[in-house]
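Some notes on the structure that comes next.
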Amino acid sequence: MTSRFVPIVLLAVVVTVFPHAASAQTVTQNKTSLVFEIKNIENLIPFITLTPDEQKVADENNKQAIDSTNSEILRAYLESKNSPLSQISDHILQQDNWKLVLAISNGESTLCQHQRNYNCWGIGGAWDLKHYDSYVSAFSDVSHIITDKYIANGADTPTKIVNRYVGHPNTSWVLAVNKTLNDLNSLPLQN
C-alpha cells in the first residue's frame, strides 16, 4: 500500500467506526492535511464509577501527593530562610494553626536560627525556658498552646497575641510575625 492511500484508509476506518462523531477538513497548498474532531466524547467513553473502597484509596493517594508537594514547597521556603525547621516540614503541615506557630518562631528566634533546647518560641520565658527533645515535640506542644490558650480565646492574630505572649506591646515582634504569615500565605500550597 502506498503512502498516499494511508490517509484515505484511516479516514474510512474512522468514519465507519464513528460515523456520527468524525469529520475531516482538507487544506490544499501543496500538502493535504486531515484534521479530525471527535464530538460527543462523553458518549464514547463510559463513565467510570469507583466503589467506596476504590474511592477511598484514590482520595488517600491524592492527599498523599498534595501533602508531599506542600511539604516540598514549605521545605524549600524554610531552607531559603536557613531554618532548621525545614527538616520537619511534613510534621509542621499536620499541626493546627501551623502558619501562626511558624510565624511566631520568626518573631522569637528567626525561624529557630537562635534557640536553645529546640525552644524556638520562648515558651517558659527567660527564667524558666522549657526544654524540648526535638523540633517535632516542640512544634506540637506550641501548636497546642497557641490553639488552646490563644486562638480559643479569640487571640488569632499577632496584634491580638503580642501583649499576652510577649508581655508588652512590641511592634517589631508583630512585624516579624506578620511578615512570615504573609510569606506563608503567598506560597503555592494546595489544599
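The values are calculated or read from the model by the stated rules, or taken from the named source; none is laboratory data. Predicted, not measured: the structure shown is a model, and the values here were computed from it. Reconstructed Cβ throughout: ideal geometry from the backbone, glycine too, with neighbour counts over all protein chains shown.
How many residues does the range 134-163 hold that are more than 19 Å from HIS91 (Cβ to Cβ) and either in contact with a strand residue (DSSP E or B) (Cβ under 8 Å, 6 or more places away or on another chain) or at pLDDT below 95 (or both)?
Qualifying residue count for the region: 0.
Count, please, the residues in the range 71-87 that happen to be surrounded by fewer than 19 Cβ atoms within 10 Å (Cβ to Cβ) and touching a residue at least 40 places away in the same chain (Cβ under 8 Å).
3
ASN191 is checked against (1) assigned by TED's automatic domain parsing to the domain that holds ASN70; (2) at negative phi and fails just one. What number does that condition carry?
(1)
So, ILE123, is that one in the same structural domain as ILE66 (by TED's automatic domain parsing), modelled with pLDDT of 95 or more and part of a helix (DSSP H, G or I) or not? Can you show your working first?
Values: in the same structural domain as ILE66 (by TED's automatic domain parsing): yes; modelled with pLDDT of 95 or more: yes; part of a helix (DSSP H, G or I): no.
Taking the combined requirement at face value, the residue does not satisfy it.
Quick one: is ASN185 part of a helix (DSSP H, G or I) and either of a type in the set (Lys, Arg) or in contact with a Lys or Arg (Cβ under 9 Å, 6 or more places away or on another chain) (or both)?
Values: part of a helix (DSSP H, G or I): yes; either of a type in the set (Lys, Arg) or in contact with a Lys or Arg (Cβ under 9 Å, 6 or more places away or on another chain) (or both): yes.
Criteria met by ASN185.
If ASP156 satisfies every condition in (1) in a helix (DSSP H, G or I); (2) over 18 Å from the mean Cα position of the chain (by Cα) but one, which is the exception?
All conditions pass for ASP156, except number (1).
If the requirement is being touching a helix residue (DSSP H, G or I) at 6+ places or on another chain (Cβ under 8 Å) and free of Cβ contacts under 8 Å to residues at least 40 places away in the same chain, which of these qualifies: ASN119, ASN153?
Working: ASN153 fails: touching a helix residue (DSSP H, G or I) at 6+ places or on another chain (Cβ under 8 Å).
When all the criteria are applied, what remains is ASN119.
Yes or no: the range 105-118 includes at least one residue that is over 23 Å from the mean Cα position of the chain (by Cα), closer than 28 Å to GLN64 by Cβ and not in a helix (DSSP H, G or I).
Yes, the range 105-118 contains a residue that is over 23 Å from the mean Cα position of the chain (by Cα), closer than 28 Å to GLN64 by Cβ and not in a helix (DSSP H, G or I).
Would you confirm, using the coordinates I've provided, whether ALA138 is under 27 Å from GLN64 (Cα atoms), touching a residue at least 12 places away in the same chain (Cβ under 8 Å) and out of contact with any helix residue (DSSP H, G or I) (no Cβ under 8 Å at 6 or more places or on another chain)? Give the derivation first.
Working: under 27 Å from GLN64 (Cα atoms): yes; touching a residue at least 12 places away in the same chain (Cβ under 8 Å): yes; out of contact with any helix residue (DSSP H, G or I) (no Cβ under 8 Å at 6 or more places or on another chain): yes.
Considered against the rule, which asks whether it is under 27 Å from GLN64 (Cα atoms), touching a residue at least 12 places away in the same chain (Cβ under 8 Å) and out of contact with any helix residue (DSSP H, G or I) (no Cβ under 8 Å at 6 or more places or on another chain), ALA138 comes out as yes.
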